[in-house]
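Taken together, the values in this text are just the output of simple stated rules run on the coordinates, not laboratory data. The structure presented is a predicted model; accordingly, all values stated were derived computationally and were not measured. Quick reminder, even Gly has a Cβ in these numbers, built from the backbone with ideal geometry, and neighbours come from all protein chains shown.
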Amino acid sequence: MWRDCQIFKKQGFSFRHYVGKEEGREEGREEGREEGREEGREEGREEGREEGLVKGQSRLLKRQLERRFGALPQWATEKLGSASEHELETWGDAILTAPTLEAVFK
């Protein structure tokens, strides 16, 4: 660092200028890290909301299926537990007209 300071002095910069530049870089890095952490937290919150929505849809559809068709077999419970939001919406529509449990999942 002392050598860098000597080079800066020859170029008309003072040591203070060099230190200020380094402090500015570190401050910029810290701001970047903080922004990254905040973005990560926001993404995590969004993923949590989406996951909660899917779980809620799954629970509601399970209740509706049980009311309409009785106790669900293991395969149906497993399908509900691993379903995507799109699948749950499709099955939620199908429950209105499907004559059998199997028809809901086709």
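Within segment 42-82, the set of residues being hydroxyl-bearing (Ser, Thr, Tyr) and either surrounded by 15 or more Cβ atoms within 10 Å (Cβ to Cβ) or part of a helix (DSSP H, G or I) (or both) comprises 58, 77.
Selection of first residues in segment 60-89 that are free of Cβ contacts under 8 Å to residues at least 40 places away in the same chain and of second residues that are of a type in the set (D, E, K, R) and assigned to a helix (DSSP H, G or I), restricted to Cβ pairs under 7 Å at least 6 apart or on distinct chains, gives the following pairs, ordered by first then second residue: 72/62; 72/66; 80/62.
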